1. Quick one: Karplus J couplings for the stretch 194-206, per residue in order, coefficients 6.51, -1.76, 1.60, θ = phi - 60°, nearest Hz, x for Gly and Pro?
2. Give, as a single signed number, the net charge of other residues whose beta carbon lies under 15 Å from the beta carbon of residue 125, with Lys and Arg counted +1 and Asp and Glu -1.
3. Any chance you could check the Cα centroid distance between the stretch 152-212 and the stretch 102-131 for me, in angstrom?
4. Length gain on complete extension for the stretch residue 34 to residue 139, per 0.36 nm per residue less the alpha carbon to alpha carbon distance?
5. Report the full-extension gain for the segment residue 80 to residue 209: residue separation times 0.36 nm, less the Cα-Cα distance, to one decimal in nm.
6. Quick one: what does P(r) look like for the stretch 84-236 with 5 Å bins over all Cα pairs, in whole %?
Amino acid sequence: MEQNKDINEFDIPLAKRTYLKNTNGILLKRLLIYSPLFLLIFSIATLRLIRNLESGPLLNLNSQVERNYDDRILGHLPYNEISKEKLVFIEPNISVHVDMKDSLLKMRQEAIKDGVNMVFLSGYRSINLQKDIFYSLKSVRNQEAAERARVSAPPGYSEHSTGFAIDIGDATQRETDFEKEFENTDVFRWLKKNAAKFHFKLSFNKNNKYIDYEPWHWRYEGSIEALKVFETSNRGS
Ligand SMILES: [Zn+2]
């Protein structure tokens, strides 16, 4: 009781003076005194936010996305042309990378033992030949580049330029050469079952968003050079 009384005696006169006479004046004065400070804090916060947006994770994310898509054209990855001294002929008009020759021929021999006859349709193709294929067929078929790219790589973007790609057909069903129907042949069924033993892999499966399914197109991944060539492709798939 004694204590409350003391507080009341001390507080009330001060409170009366403040609130009755100067309420509006003090509020205005405080606002005037503090407003530059508020403005400063607001400005610093805004500047920081802008700087974070410019150099922060958002920008990094953007450049990452751009980098991932930069090197692809119409869904195809770039490939360098193999140096000529690494090319060897497996047929009068078909050459491949020397690394894959033995494995490829052995695969054909093993298939023959199972009564399955594969034919090699296309191996190494120069970037110049790919240029002819891509642009001439495109105009013959009256297709736009993106449509054409679904079935043929733009020059500089074909696995065939590396010498590590081979297009395979069935000797008993030549009408399925380069056709989706090749997947119904004995050769394709045999390849699905056995190709990995010889380090061959189907390059364009049914899940590819940009490039049509090519059951006839296989690539070799049985050497360090081949693995390096296809590293980006394998990372992305
Ligand atoms: Zn091919």
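Any read-out appearing in this document is the output of simple, stated calculations on the displayed coordinates, not a laboratory observation. Keep in mind that this is a model prediction, so the values were computed, not measured. For neighbour counting, all protein chains shown are included, and Cβ atoms are generated from backbone atoms with ideal geometry for every residue, glycine included.
1. 10, 4, 4, 4, 9, 6, 9, 9, 5, 7, 10, 8, 6
2. Details: positive: 84, 86, 131, 219; negative: 81, 91, 132, 159, 167, 214.
Local charge sum for residue 125: -2.
3. So the separation of the two Cα centres works out to 10 Å.
4. Net length gain for the segment: 30.5 nm.
5. 44.1 nm
6. Calculated over all Cα pairs of the stretch 84-236, the distribution is 2, 9, 18, 23, 22, 16, 8, 2, 0 percent.
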